[in-house]
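Undergrad: The structure's right below; bear with me while I get my questions together.
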Amino acid sequence: MTHFKPLFDTLSVNDEPIIIAGPCSAESEAQVVNTALALHDMGIEIYRAGIWKPRTKPGGFEGVGSKGLAWLKRVQQELNMKVATEVATPRHVEHALAEGIDLLWIGARTVTNPFAMQAIANALKGVDIPVLVKNPVMPDVNLWMGGIERLYMAGVERLGAIHRGFGSSPNSQYRNEPHWNIPIELRRQLPNLPILCDPSHIGGCRDLIEPIAQEAMALQMDGLIVETHCSPQQALSDSQQQITPQALHQILKRLVIGSRCETDITLLELRVQIDAIDQSILEALARRMELSQQIGDYKRSKQMTILQPERYAQLLEERCQEGERIGVSRKLIQTLFEAIHEESVKVQLKQLKEDKTE
Ligand code: PEP
Ligand code: MN
């Protein structure tokens, strides 16, 4: 998966972020058209609206179904906007293609299920249409890439990803935890794949849209998909996180789109220092692993157990306290020393196994 075609050949976007906006759900023809008119006036070129809505529990608003496609068609024809909707089954794909929808996206719940992804990929065989793949509900970059790969293998080349956050704990400030490391890893593995951020589903509330969108721009995401509704308070789904077209306009005006330049001299000089520090961390780690092997030898010669839980608990706590004292977060120290200790135990267990087989 190294070559992707642009999402659209004809869009006026070049280095600017790609902006997709529109309501969570198409609710009525008037709501679809009025929201689109306002977005069109501010120069938005791609319009989103969900027709078939995946709801966590039955009984919620499950979308207007295929009849909403005709409303999107009006937006496409009268305003010359590209229109996008979510598909979750081969039947959705057929309907959307039959109506000439310009772009499809696949929702988080669907991407979580490889059978559903394969069925959609099969339905898209031989069709040249842009498809955006949302991240799956759990923070698993391979599952996300697997979904993208199924489409690619079916011949879909206009591909992109949408980062919409991952299932989070009830006391999180986010509706879906961003786990930025996951889209960053996706970018590392597929550097040519456009990645858009969906601050609406990450934040789950209006106030978080702007800061999340700004973070996404700082992380070189290629665009945003933002839920926008002509009267958000009355929205039938995701009302808390939808904003008016005017609010979106203000947010987009304030967004700082950072330079992607990687050859700034000051930055290069600072990176030389970082590289030197990393080198000493690596050397210290190698020395620590050597010592850990010696300790392993000693424990075996004295027939002592490899794991000594009290020592481990004490070490972890002391390192965390020392880390905090000198300004390094407890979470980082904990993750780091857990990984180091795990590796030491692994090495000592391996020595034990080798002894037995000798
Ligand atoms: C949506 O975009 O309206 C949607 C249902 O998104 P997700 O799949 O990210 O929950
Ligand atoms: Mn939504």
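Undergrad: Is there a quick way to get the dipole size of segment 55-129? I mean about its Cα centre, with the Cβ of Lys and Arg at +1 and of Asp and Glu at -1; what is the value in debye to the nearest 20?
TA: For segment 55-129, the charge dipole is close to 240 debye.
Undergrad: Also, I was wondering about something else. Above 15 angstrom, tally the Cα pairs of segment 235-314 and express them as a % of all pairs, no decimals.
TA: I get 79 percent for the Cα pairs in segment 235-314 exceeding 15 Å.
Undergrad: Further, regarding this structure: Would you mind checking the pairs Lys134/Lys253; Lys67/Lys253; Lys82/Lys253 and listing those with alpha carbons more than 32 angstrom apart?
TA: Lys67/Lys253
Undergrad: What is the diffusion coefficient of the chain in µm²/s, taking the Kirkwood radius over Cα pairs and the Stokes-Einstein relation at 25 °C with a viscosity of 0.890 mPa s? Intermediate values should be presented prior to the final figure.
TA: Working: Rh = 23.2 Å.
Answer, rounded: 106 µm²/s.
Undergrad: Using bins 5 angstrom wide from zero, how does P(r) for segment 63-115 break down, in % of all Cα pairs?
TA: Bins of 5 Å from zero give 4, 19, 30, 22, 14, 6, 3, 1 percent of pairs.
Undergrad: Using a simple charge model, +1 on the beta-carbon of Lys and Arg, -1 on the beta-carbon of Asp and Glu, nothing else, what dipole does segment 277-346 show about its Cα centre, in debye to the nearest 20?
TA: It works out to roughly 220 debye.
Undergrad: By a straight-distance test (C-alpha under 20 Å), which aspartates and glutamates pair with Lys53 as possible cross-link partners, with residues fewer than eight away in the same chain excluded?
TA: List returned: Glu27, Glu29, Glu62, Glu86, Glu94, Glu99, Asp102, Asp198, Glu227, Asp238.
Undergrad: Which values of log₁₀ I(q)/I(0), to two decimal places, follow from the Debye formula for segment 224-358 at q = 0.10, 0.22 Å⁻¹ with a uniform point scatterer at every Cα?
TA: Evaluating at q = 0.10, 0.22 Å⁻¹ gives log10 I(q)/I(0) of -0.68, -1.29.
Undergrad: How large is the charge dipole for segment 200-358, taken about the Cα centre, if only the Cβ atoms of Lys, Arg (+1) and Asp, Glu (-1) carry charge, to the nearest 20 debye?
TA: 360 debye
Undergrad: Nearest 5 percent is fine: what portion of the DSSP beta bridges confined to segment 18-260 is antiparallel?
TA: Antiparallel: roughly 5 percent of the beta bridges in segment 18-260.
Undergrad: Along each of its three principal axes, how wide is the spread of alpha-carbon positions in segment 24-68, in whole angstrom units, largest first?
TA: 37, 17, 14 Å, listed from the longest principal axis down.
Undergrad: Can I ask one more? Take peptides 322-335, 57-70 and line them up by average Cβ neighbours within 10 Å, highest first, as a rough protection proxy.
TA: Going by the mean number of other Cβ atoms within 10 Å, highest first, we get 57-70, 322-335.
Undergrad: Output needed: percent of Cα pairs per 5 Å distance bin for segment 290-352, bins running from 0 to the one holding the longest distance.
TA: Over segment 290-352, the share of Cα pairs per 5 Å bin runs 4, 18, 24, 21, 15, 11, 6, 2 percent.
Undergrad: If you don't mind, there's one more thing I want to ask. Rg to Rh ratio, segment 1-147, alpha-carbon atoms and Kirkwood radius?
TA: So for segment 1-147, dividing Rg by the Kirkwood Rh gives 0.95.
Where a number appears in this text, it was derived from the coordinates with a stated rule and is not lab data. Computed from a prediction, not measured in an experiment: that's the story for all the values here. For neighbour counting, all protein chains shown are included, and Cβ atoms are generated from backbone atoms with ideal geometry for every residue, glycine included.
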